[in-house]
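Here the structure is laid out as structure tokens; the discussion comes afterwards.
Each reported figure results from applying straightforward, stated rules to the coordinates on display, with no laboratory input. Since we're looking at a predicted model, the values are computed, not measured. No Cβ is skipped: glycine too gets one built from the backbone with ideal geometry, and neighbour counts run over all protein chains shown.
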């Protein structure tokens, strides 16, 4: 994918937001539809690999670009912004300690706009301690078996891969690992639909993992690296993606409120105080 400057990337994001996401907002939010058209347009515009290193074919951008891109999208469609943001967080995790196999299989397709990824970290009952998963990983010949359930998986059922946190296969207190799980892996079961007040198109669903085989090549980093990923990659990228998205929402809300006040007229004919 062609390397673009930050300004070019933001202009491309703004164009997608205005021309592709905006006409779909009512349907996406009203019907709870995953914003596929806008996400595919972002990939086609070169934004799929926003935070993927240039060495892997990506745009090589970091937190500033992520914040500003999510802000641009969030001003128009919060669902598109959150779905794109979670893809970028997953991409950053994959890139942090990628093996040559993971580079070829995941990062290069992400950079080419052909692969969408996301996080699968949260679990029922663990609250804010999402970095302490109960999902279990056990060693078997050629890889691992994965058992458990993940909640609120953004892009659930639509992404091409999922970054999953789990207890390490040789579990000592505090030992957790991360794996990358392809969408086509056997024994994945999706449940429920997102019925939130807002961002209703984010497809935040529950993922049941029932004796899922994970090849050894799909372990991210080393066994026990999950805490490192969480605090060095997930936390900063997740928080920045959220901050950009909510800033975009707030900016749009402020503009709407200001416009309403400026054009409001009372029944007796007087304008509002700010008019």
> Which number in (1) free of Cβ contacts under 8 Å to residues at least 40 places away in the same chain; (2) not in a helix (DSSP H, G or I) marks the one condition that residue 55 misses?
Replying inline: (2)
> How many residues does the range 4-30 hold that are touching a residue at least 40 places away in the same chain (Cβ under 8 Å), over 19 Å from the mean Cα position of the chain (by Cα) and assigned to a helix (DSSP H, G or I)?
Replying inline: 5
> What tally of residues in the range 214-230 results from selecting those that are in contact (Cβ under 8 Å) with a residue 40 or more places away in the chain, assigned to a helix (DSSP H, G or I) and under 11 Å from residue 93 (Cα atoms)?
Replying inline: 3
> From 118, 105, which residue is out of contact with any helix residue (DSSP H, G or I) (no Cβ under 6 Å at 6 or more places or on another chain) and not in a loop (DSSP other than H, G, I, E, B)?
Replying inline: 105
> Take the residues of the range 143-168 that are in contact with a helix residue (DSSP H, G or I) (Cβ under 6 Å, 6 or more places away or on another chain) and part of a loop (DSSP other than H, G, I, E, B): which is surrounded by the fewest Cβ atoms within 10 Å (Cβ to Cβ)?
Replying inline: 154
>> With the requirement that a residue be touching a helix residue (DSSP H, G or I) at 6+ places or on another chain (Cβ under 6 Å), under 25 Å from residue 74 (Cα atoms) and surrounded by fewer than 22 Cβ atoms within 10 Å (Cβ to Cβ), what does the range 199-232 give you?
In response: 200
